[in-house]
Amino acid sequence: MYRTPASNRLHIGIFGKRNTGKSSLINAVTGQDTAIVSEVAGTTTDPVYKAMEILPIGPCMLIDTAGIDDAGVLGEERIKRTLVVLRKTDLGLIVVSPDTRIDNFELELIKTFQSKKLPFLFVINKCELEGEVAQNYLDQNKLPFIKISAKTKQGIAEFKTKLMEMAPGHWSPVPLLGDIINAKDVIILVCPIDSAMPQGRLILPQVQMMRDCLDNNALALVAKETELLDCLKALKKKPQLVITDSQVLEDVRDMLPEDIPLTSFSTVFARHKGDLNAYIQGVYALENLKDGDEILIAEACTHHVQPEDIGRTKIPTWLLNYTKKDLHYEVTAGGDFPEDLSRYKLIISCGGCMVNRGEIMHRIQKAKIASVAITNYGILMAYLSGILERVVAPFKGGVVKLDLEFDKVPRK
Ligand code: SF4
């Protein structure tokens, strides 16, 4: 994470009048989970950029706009500085105290956020104090806010979850492949064409992966599993990476020499959109399942259900074969995700190809708060095939540190 470039960080602009507790808010949010990796301080009135790791959001760039509301700063100058920060902001926070009177300072910010279509949130800090001036105004004007106390830490966990939900859809701190491949690398993409594939086109994750190879000046070769060996023979040297659809993971594993790095589309996306470490830890819950345990299959969209649907048919069959237990399943789709997760022993999330990282991370965070194991389709399939370690190995040198403790729980 320490080498996450600034461009891959979620830029959070923090605005607010003096004495609303912007700095204490930053400290409370980052807490012990935070590693300050760089700090570029300007003058006392210039914004301060802090590259930080905020768990579970990931690498962020906090822009502390201390001084922008200084009485001594002329209006024009203040606007100029604010606009410079806003140019880099993915998400804006306006910090107020319970007794803050919302005036032109905040109203101008709201106007600018809205004109730039930037998500923003009022943070009523110091909620341990008396006063409802700010909240009354925000309620009346239907402006989004959250109440927290940087001092007592009240509301901080909810605040972090809110930040993840608000993060723009395009934002992810983890690239698809950019941190693990190099220019001129040969990447083979194995794309089976079966009855589940749409007519005449590829599916979104495959297309995104090809585009990412091109963006990173790598050479993307596409083949079905049936032509994989021909593809390897046609190459003068071994490919740097093979990425396969999980449905043919075992076939590809059997064909591919051990020294060729192998992963799956769903593993790439599990890391890009979710928390690969949480999924790896979560999949071990399979070893402790008992008869009658409830499993939640969480699908992020309401796709057309196929006869051999992975969530409804294949996974229950695989788990019955693996665990030999009588497990009970609940399937949710689209925006439905249960508020109360306590009855589940394991949550199995889909790949989330149709939703943004914020949505998936929100689910992972809720599972963590409820102490319920969570994994996803791709990681589960790799685990059941006995090749989880191999498919996550290509990411060891990536921007996310992997907790690879495969020997902790013996597989059956
Ligand atoms: S992986 Fe999830 S989001 Fe993508 S099509 Fe399947 S259910 Fe929908």
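The values are calculated or read from the model by the stated rules, or taken from the named source; none is laboratory data. Predicted, not measured: the structure shown is a model, and the values here were computed from it. Glycine gets a Cβ as well: all are built from the backbone with ideal geometry, and neighbour counts include every protein chain shown.
Values for this structure:
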{"quantity": "Single residue of Val268, Val207, Val248 found to be within 30 Å of Glu359 (Cα to Cα) and crowded, with 23+ Cβ neighbours inside 10 Å", "calculated": "Val268"}
{"quantity": "Selection status of Val40, modelled with pLDDT under 70, farther than 21 Å from Asp275 by Cα and out of contact with any Ser or Thr (no Cβ under 7 Å at 6 or more places or on another chain)", "calculated": "yes"}
{"quantity": "Neighbours by Cβ (under 6 Å, 6+ apart or cross-chain): first from region 251-279, within 13 Å of Val174 (Cβ to Cβ); second part of a loop (DSSP other than H, G, I, E, B) and aliphatic (A, V, I, L, M)", "calculated": "Val268/Leu176; Arg271/Val174; His272/Val174; His272/Leu176"}
{"quantity": "Residue list for region 328-366, filter: away from the ligand (no atom under 16 Å from the Cβ), in contact with a Gly (Cβ under 8 Å, 6 or more places away or on another chain) and without any contact (Cβ under 8 Å) to a residue 40 or more places away in the chain", "calculated": "His328"}
{"quantity": "Residues within region 177-206 that are under 19 Å from Pro239 (Cα atoms) and not in a loop (DSSP other than H, G, I, E, B), tallied", "calculated": "6"}
{"quantity": "Per-region count, region 200-223, residues away from the ligand (no atom under 16 Å from the Cβ) and among the basic types (Lys, Arg)", "calculated": "1"}
{"quantity": "Failed criterion for Val331 (all others in (1) within 20 Å of the chain's Cα centre (by Cα); (2) of a type in the set (Val, Ile, Thr); (3) outside any helix (DSSP H, G or I); (4) at pLDDT 90 or above hold)", "calculated": "(1)"}
{"quantity": "Index of the failed condition, Gly311 passing every other in (1) of a type outside the set (Val, Ile, Thr); (2) within 16 Å of the ligand (Cβ to nearest atom); (3) part of a loop (DSSP other than H, G, I, E, B); (4) touching a strand residue (DSSP E or B) at 6+ places or on another chain (Cβ under 6 Å)", "calculated": "(3)"}
{"quantity": "Lone qualifier among Gln240, Gln247, Gln306 - being more than 21 Å from the chain's Cα centre (by Cα), in contact (Cβ under 8 Å) with a residue 12 or more places away in the chain, within 16 Å of the ligand (Cβ to nearest atom) and not assigned by TED's automatic domain parsing to the domain that holds Ser385", "calculated": "Gln247"}
{"quantity": "Within region 107-128, tally of residues that are without any contact (Cβ under 8 Å) to a residue 60 or more places away in the chain and either in a strand (DSSP E or B) or of a type in the set (D, E, K, R) (or both)", "calculated": "9"}
